[in-house]
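These notes are about the structure you will find just below.
The values are calculated or read from the model by the stated rules, or taken from the named source; none is laboratory data. All values derive from a computational prediction rather than experimental measurement. We place every Cβ from the backbone using ideal geometry, glycine too, and count neighbours over all the protein chains shown. Quick note on the areas: whole protein, heavy atoms, side chains included, nothing else; ligands and nucleic acids left out. Shrake-Rupley method; radii C 1.70, N 1.55, O 1.52, S 1.80 Å.
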Amino acid sequence: MQAMYLMVAAVVGMQHPVVPRVVVPARAHAQPALEALNALDALGALDALNALEGLNVLDAFDALDAVGPWDSAPLQGEQDPTDSLWRAARRAFNRGDYASAGKLYADLARRYPDATRAGDALYWAAFALYKNDDLVRARSLLFTQQERYAKAATLRDGYALLARIQTALAKQGDSEAAAWLTEHAQPVEPARGCPDEDDEDDVRVAALNGLLQMDATNALPILKKVLAKRDGCSAGLRRKAVFIVSQKHGGETEDILLDVARNDPDSEVRQQAVFWLSQVGSDRAVTALDSILRSSTDPELQDKAIFALSQIHNARAAQILRDYATNERASDEAREKAIFWLGQQRSPENAAFLRGLYAKVTGEDLKEKVIFSLSQMGGADNGRWLMDIALNEREPVEMRKKALFWAGQTGGNLEQLVGLYDRMQDQEMKEQLIFVYSQRHEAAALDQLIRIAKTEHDKELRKKAIFWLGQSHDPRAAQVLLEIINP
């Protein structure tokens, strides 16, 4: 609702009133580590954008009724005795006078406890007090709302706001707030629903987020209780708990993550634990990841273990990946991933290993992954190796073409590439060379395309050179094409 409201407000140029939805910033303290997940999750947000296509602005305005009251359109009739207080409170809130707004909303609830607006007034009063840093009074009003107004439209928002207030108070040493977070972070009966880890409106998720503000000594015992659950309904909470554990650098962090990675019944929870072990990076973590990689039958868990090892920059982790890449009993898909991540580390040891591995593997996909990984490393030795593969007539044509392509893409010696054309006998290799020239921006590459377009005896090869000249914006290419058209 908040995202839709902001969109509509931008369209019509309105002054944006305060929206009651309060989002707990669960991951603010883990941003550096979370950036490592970019290889995994960021595109999911695009799905939300697709849902906005075709949205009718008038329909969006209708939906804004749920956001909160408007000064110009009261929710009740003009004779409602709460109208004047409600309007005055809203005006104070919108101009940032939170002290006055909190008093007016609280007065409405006190003077008219049976009014339809009384429960929502308590929420808005608490929100105003929260904005004014009067956290204890704000908490008291939200407790009152929960006790007396179970049908208030803002009750769910009230729970989310209360979690945020309790988090702030617990950080200040408030024992009541810490006890509340402890209680509400626990998984409970399925009657309350099974929350997802990203359901920030669920009070249990919000309470778990609050543990990010608590020190490891106080937070870890609560998190261990959450992770001890084995029912399917608590899986979302366990995933959230794994993340929070990973941000606590206490002595137990490693033990908890290792236990979850090995024993949790939910595959996604185990994968989360394996991923965060990469941030621990200890010898025990490396040993555990090696064990998971070799013994697990879950391909996704193996992928996470390979990735985690690639993020631990020590010699033993790299050696485990190299050993796994040679393991013929492992699946080709997993070996390909190990080869890929070895290529991303760009060490001399990994480069030498991959060059030697190429001759030992038999699958084309594995060979292609080796070629790609070495091309990503760069360096003169790898460039020469790629050219050797391209020139080796004993190699399959497809492998030679791929080696030639990546040699061209990664800045291989252009003089050597130009000299290759007349030495090549294979038609497909010549076609690949023409394409490689078309992707280079040096004048010598264009010169070679022009020469082929003018002098090549093979009609098909000439046509390909002419085509790529047509894609060039160089005036010389245009002149050559004109000469070909009008000899």
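I want to confirm something. Restricting to the range 292-345 and keeping residues that are under 14 Å from Q271 (Cα atoms) and of a type in the set (G, A, S), which single residue is nearest to the chain's Cα centre (by Cα)?
A308
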Cβ-Cβ under 8 Å pairs, at least 6 apart or on other chains, the range 290-301 side within 14 Å of L258 (Cβ to Cβ), far side of a type in the set (D, E): none
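One line per residue, one yes/no per condition, for (1) in a helix (DSSP H, G or I); (2) modelled with pLDDT of 95 or more; (3) under 18 Å from A168 (Cα atoms):
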residue: S100; (1), (2), (3): yes, no, no
residue: K103; (1), (2), (3): yes, no, no
residue: A106; (1), (2), (3): yes, no, no
residue: P113; (1), (2), (3): no, no, no
residue: T116; (1), (2), (3): no, no, no
residue: A128; (1), (2), (3): yes, no, yes
residue: D133; (1), (2), (3): no, no, yes
residue: R139; (1), (2), (3): yes, no, yes
- prompt: Is there any pair linking a residue in the range 353-364 that is part of a helix (DSSP H, G or I) to one that is among the hydroxyl-bearing types (S, T, Y), with Cβ under 7 Å and at least six apart or on different chains, and which?
  reply: L354/S373; L357/T326
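Residue-by-condition table, conditions (1) surrounded by 21 or more Cβ atoms within 10 Å (Cβ to Cβ); (2) at pLDDT 80 or above:
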site	(1), (2)
T154	yes, yes
K171	no, no
V226	yes, yes
R230	no, yes
C233	no, yes
query: In the range 138-176, which residues are over 19 Å from A125 (Cβ atoms) and either of a type in the set (G, A, S) or in contact with a helix residue (DSSP H, G or I) (Cβ under 6 Å, 6 or more places away or on another chain) (or both)?
result: T167, A170, K171, G173, S175
Exclusive hit being of a type outside the set (A, V, I, L, M), open to solvent by 50 Å² or more (accessible area, probe 1.4 Å) and in contact with a Pro (Cβ under 8 Å, 6 or more places away or on another chain), set E300, E349, E328, E333: E333
message: Yes or no: the range 444-457 includes at least one residue that is not hydroxyl-bearing (S, T, Y) and not in a helix (DSSP H, G or I).
response: yes
- line: All-but-one check, D259 against (1) more than 18 Å from the chain's Cα centre (by Cα); (2) open to solvent by less than 60 Å² (accessible area, probe 1.4 Å), failing number (2)
field: Close pairs (9 angstrom Cβ cut-off, 6 or more residues apart or separate chains): open to solvent by less than 20 Å² (accessible area, probe 1.4 Å) and of a type outside the set (K, R) in the range 395-424, modelled with pLDDT under 80 and not in a helix (DSSP H, G or I) anywhere
entry: L404/G412; A407/N413
query: Is at least one residue of the range 303-317 of a type in the set (D, E) and over 24 Å from R238 (Cβ atoms)?
result: no
